[in-house]
Amino acid sequence: MMKRNAISFKAIVAIGILSLIVAACNGGGGPSSGTANGSGGENAASASKVPNAGSKEQIKLRILWWGSQQRHDATLEALKLYTEQNPHVAFEPEFSGWDGYWDKLSTQSAAKNAPDIIQMDSSYLAEYAGRNQLLELSSGIDTSKMDPSLVGTGKYQDKLYAISLGNNAYGIAYNKEAIEKLGLTPPKSGWTWEEYWAFGREAKAKIGDGGYALLDMTRELDLYGLYQMSKGKGYYITDDGKFNMDRDTWMEWVTTLSELREEGVLPPADIQITDKELDPNLDLMAKGTVVIRRLHAAQATALDSLNPGGMAMVTMPRGPEGSGWLKSSMFWSVSADTKHAEESKRFIDWFINSQDAGSILGTTRGVPVNNEILAAMEPNMSDADKMGIELIRETAPIAQPFKTEPRGWPNFRSKDYQLIADKLMYKQITPEQAWEEIVAKSKEYE
C-alpha cells in the first residue's frame, strides 16, 4: 500500500511539473487563454494595447527616400514609433540627397530589387508606372481626408500608383539679412520675370566684385518650362509626349541668362556647378555667394535651418499667364515586386492619417495632406512651417496647371538637356548650335 501511494504521489508531482513547463512555453496561457481566439484573459488585454501585436509573422520593410537631414531624422523617428506600435514590422531604411537617387532606384528596379516602399517624384511617376514597376494603390489606403485634386496627382492612366505626402509650391527663397545689408527692397510675391532680372542687376551693383546675385537657370529645363508656360506657349513637352519647346521663347531665355552671366549677376559655370541645394557647405546662398535661389515650400524648414529667422520666400516670377504651380511635394509608392504589399499599404495609410505620425513629421515633406491633421497642427507650427504654407497660399491664385512628363522624358530633362546646357554655359557652343542639338536629341524621345 505504501509503495503504491509513493508511486501515485510521484506521478502527481511529475504531472504538475509537466503542466508548469507547458504553461511556460505558452507564455502563461494556452489557446484557451485568449491571444489567438479572442476569448479574453490578461495576455489578450495586454496585446490589445499595441496595434497589430500578437502572433503575426515578423517582416522587414525596405524603405527609400531622399531629403534633408531634418527629413531623415523625422522619418527615422516615425519608423521607430510605427515599430513600437506594430512589433512585427521592422524597417531597413535607405536615404540620401537628390543627387544619385534616381540612378540608384533605376538600377534596383531593373534588377527587381527595389525597396518595398519608395519615395516617388511626379517627374518620374509615369516612367516607373509605365514600366509596371509600381503597385496599384486604389485600395488599402484611406485618402478621404485629402483634397481630390491632390489624390489625382498620384495617378497614371487613371490608376493610382502614388500617395501624395505633402502639398507644395515652387517659389523663390532669399536671405533677408543679406538683402537688408545691401539696402535693397526685398522681392514681393506676384513679381514679374522682368522685375526678377532687374532685381538681380540691382543686387549685383550693390554687391560689387565680391559675389553674385542670382543662380544660373540654364541647366534647369523644368524652370524653362515654367517660363514658357508663363508666356502662354504651353509646357515644353505635350501630354502625349511631343517636343513643344518654342524656339523664340527659348532663345530669349538663354540670351538673357548669358547676358546676366557676362555681367556677373550669375556665377560663372565653374562656380554654378558646385551648388548643392540646402547643403550648409555647398549651397551658394547659404555660403553667401548669391542672395536668392529657387526652392519648394516643402523645404521651408530646411531653409530656415541654414539661418534661423533670416530667410524668406516669395512666389516664382510671373508672366502674362501666371506663375509657378501647385503640386504634390512627393509621394510614397510601393514596388510591384514587393512581397509585403498589404503591410506596405498599411504603413502608408498610418503615415498620412495618424496624428502621431503627423506630430513627428510636421512639414518635412510639405503641408500635411490630411486636412484634419493640418487643422490641428497649424496653430502650433513654427514660423518656418508657416512660411511654406504662406507660399502655397500666395501661389494658388496665379498657379499654372501642373504638368508631369510622359514616360521617357525625365531622362531627356535630367541628362541630355543638361549636357547640352553645360556646353552652352562654358561657351563651347552657341545658342543656335545648342538649339539644333536639343531638337535632334528630342526626336529620340518622341
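The values are calculated or read from the model by the stated rules, or taken from the named source; none is laboratory data. Note that the structure is predicted; figures quoted are calculated from it, not measured. Heads up, the Cβs are rebuilt from the backbone with ideal geometry, glycines too, and the neighbour counts pull from every protein chain shown. Surface areas here come from the heavy atoms of the whole protein model, side chains and all, with no ligands, DNA or RNA. Shrake-Rupley method; radii C 1.70, N 1.55, O 1.52, S 1.80 Å.
Just one of the numbered conditions (1) touching a residue at least 60 places away in the same chain (Cβ under 8 Å); (2) in contact with a helix residue (DSSP H, G or I) (Cβ under 7 Å, 6 or more places away or on another chain); (3) among the charged types (D, E, K, R) is not true of GLU437: (1). Pairs, please: C-beta under 9 Å, at least 6 apart or cross-chain, first residue at positive phi and among the charged types (D, E, K, R) and in the range 109-133, second outside any strand (DSSP E or B) and at pLDDT 95 or above? Listed pairs, sorted by first residue: LYS112/GLN133; LYS112/ALA336; LYS112/ASP337. For the criterion of being of a type in the set (Phe, Trp, Tyr), under 21 Å from ARG62 (Cα atoms), part of a helix (DSSP H, G or I) and more than 16 Å from the chain's Cα centre (by Cα), PHE351 fails.
The set of residues from the range 409-434 being in contact with a helix residue (DSSP H, G or I) (Cβ under 7 Å, 6 or more places away or on another chain) and outside any helix (DSSP H, G or I) comprises TYR426, ILE429.
Candidates are the residues of the range 140-155 that are modelled with pLDDT of 95 or more and among the hydroxyl-bearing types (Ser, Thr, Tyr); the one that is farthest from PHE95 (Cα to Cα) is SER144. Of the residues making up the range 375-397, those that are open to solvent by less than 30 Å² (accessible area, probe 1.4 Å) and either among the hydroxyl-bearing types (Ser, Thr, Tyr) or in a helix (DSSP H, G or I) (or both) are MET377, ALA384, ASP385, GLY388, ILE389, LEU391, ILE392, THR395. Against the definition (hydroxyl-bearing (Ser, Thr, Tyr), under 24 Å from ASN113 (Cα atoms) and out of contact with any His (no Cβ under 7 Å at 6 or more places or on another chain)), how does SER96 come out, yes or no? Yes. I'd like the full set of residues that are of a type outside the set (A, V, I, L, M, F, W, C), over 19 Å from the mean Cα position of the chain (by Cα) and modelled with pLDDT of 95 or more, limited to the range 284-307. Once the filter is applied, which keeps residues that are of a type outside the set (A, V, I, L, M, F, W, C), over 19 Å from the mean Cα position of the chain (by Cα) and modelled with pLDDT of 95 or more, the range 284-307 yields only THR289. Of everything in the range 208-219 that is at pLDDT 95 or above and open to solvent by 30 Å² or more (accessible area, probe 1.4 Å), the residue that is nearest to ILE179 (Cα to Cα) is TYR212.
May I ask you to verify whether ALA269 is open to solvent by less than 30 Å² (accessible area, probe 1.4 Å) and touching a strand residue (DSSP E or B) at 6+ places or on another chain (Cβ under 8 Å)? Judged against the criteria, ALA269 is not a match.
Filtered by the rule that a residue be part of a loop (DSSP other than H, G, I, E, B) and either touching a Ser or Thr at 6+ places or on another chain (Cβ under 9 Å) or at pLDDT 50 or above (or both), the range 44-67 gives ALA53, GLY54, SER55, LYS56, GLU57, GLN58, GLY67. Residues of the range 222-262 that are in contact with a Ser or Thr (Cβ under 6 Å, 6 or more places away or on another chain) and open to solvent by 10 Å² or more (accessible area, probe 1.4 Å): LYS231, LYS233, PHE243, ASN244. Tell me which residues, restricted to the range 190-207, are more than 25 Å from ILE392 (Cβ to Cβ), open to solvent by 30 Å² or more (accessible area, probe 1.4 Å) and not charged (D, E, K, R). Passing the criteria: ALA198, ALA205, ILE207. Among the residues of the range 402-421, the ones that are farther than 14 Å from LEU223 by Cα and open to solvent by 40 Å² or more (accessible area, probe 1.4 Å) come to 4 in all. When TYR426 is tested against (1) buried (at least 17 other Cβ atoms within 10 Å of the Cβ); (2) of a type in the set (Phe, Trp, Tyr); (3) more than 18 Å from the chain's Cα centre (by Cα), just one condition goes unmet, and that condition is (1). Contact map, the range 386-405: residues that are closer than 13 Å to MET316 by Cα and touching a residue at least 60 places away in the same chain (Cβ under 8 Å) paired with residues that are open to solvent by less than 30 Å² (accessible area, probe 1.4 Å) and charged (D, E, K, R), Cβ distance under 6 Å, separation 6+ or inter-chain. No pairs are found. Across the range 394-418, the qualifying residues are those that are hydroxyl-bearing (Ser, Thr, Tyr) and touching a strand residue (DSSP E or B) at 6+ places or on another chain (Cβ under 9 Å), and the one among them that is modelled with the lowest pLDDT is THR404. Please indicate, with yes or no, whether at least one residue in the range 264-273 is of a type in the set (S, T, N, Q) and either in a helix (DSSP H, G or I) or touching a residue at least 12 places away in the same chain (Cβ under 8 Å) (or both). Within the range 264-273, one or more residues are of a type in the set (S, T, N, Q) and either in a helix (DSSP H, G or I) or touching a residue at least 12 places away in the same chain (Cβ under 8 Å) (or both).
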